[in-house]
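Below is one structure, written out as structure tokens, with a few remarks after it.
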2 protein chains.
Amino acid sequence: MCEANAYIYHDGKEELYLENVDVMRPEGGKLYLRSLFGEQKMFDGEIREISLLNHKIVLQKK
Amino acid sequence: MCEANAYIYHDGKEELYLENVDVMRPEGGKLYLRSLFGEQKMFDGEIREISLLNHKIVLQKK
């Protein structure tokens, strides 16, 4: 499988936000995320870094 | 392996931009991309959609 986990970066720490992310796209100034299992979330922030080999998406609030 | 290919969306078409993307992050208003093989590119635009299960990153110019 090729999904990644999304974390929120804050104060030097990363907090798990959504596991097994499949789809991610900007939508109305926010970020829409959907997991492999259909869970959907809207994050009010932006991408900090994606590393696919590490299966990791790091987000941060604006 | 868990990398994805990056395409640029334009006029309903997708043109290959960078294969085997590992890292992607915003940098100075642009998008920095680095492939598995160390190739680096700066794209003057934004993310349209990422689908990890499809190994696909779609970018678009601003």
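The values are calculated or read from the model by the stated rules, or taken from the named source; none is laboratory data. In this text the structure is predicted, and so the values were computed from the model without any measurement. When we count neighbours, we look across all protein chains shown, and the Cβ atoms used for this are built from the backbone with ideal geometry, even at glycine. The protein model used for the area step is the full one, side chains on, heavy atoms only, and it has no ligands, DNA or RNA in it. Shrake-Rupley method; radii C 1.70, N 1.55, O 1.52, S 1.80 Å.
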Stokes-Einstein D in µm²/s, Kirkwood radius over Cα pairs - the protein assembly as shown at 4 °C with 1.567 mPa s viscosity
90
Let me know the charge dipole size of chain A about its Cα centre in debye, to the nearest 20, where only the beta-carbon of Lys, Arg (+1) and Asp, Glu (-1) is charged.
160
7 Å along Cα→Cβ, label-point gaps from A:Q60 to other copies, nm, shortest first:
2.6
In nm to one decimal, list the spacings between the B:E14 label point and its equivalents in the other copies, with label points set 7 Å along Cα to Cβ, shortest first.
2.6
Among chain A residues, which Cβ is nearest the axis of the A-onto-B rotation, and at how many Å?
A:C2, 2
Average accessible area per residue (Å²) across chain A - probe 1.4 Å, nucleic acids and ligands excluded
58
Of all accessible heavy-atom area on the protein assembly as shown, the percent that carbon and sulfur account for (1.4 Å):
43
Have a look at segment A:22-62 and give its Rg and Dmax from the Cα atoms, expressed in angstrom.
10.2, 29
List nothing, just return the count: lysine pairs in chain A, 8 or more apart or interchain, with Cα separation under 15 Å.
6
Where the label is 7 Å out from Cα toward Cβ, how close does A:K30 come to the same position in every other copy, in nm, shortest first?
3.2
Taking Cα pairs under 8 Å and at least six residues apart, what relative contact order does chain A come out at, in percent?
33
Considering only C-alpha atoms, what is the centroid distance from chain A to segment B:7-42, in Å?
18
Nearest 100 Å² is fine: what is the total accessible surface buried where chains A and B meet, probe 1.4 Å?
1700
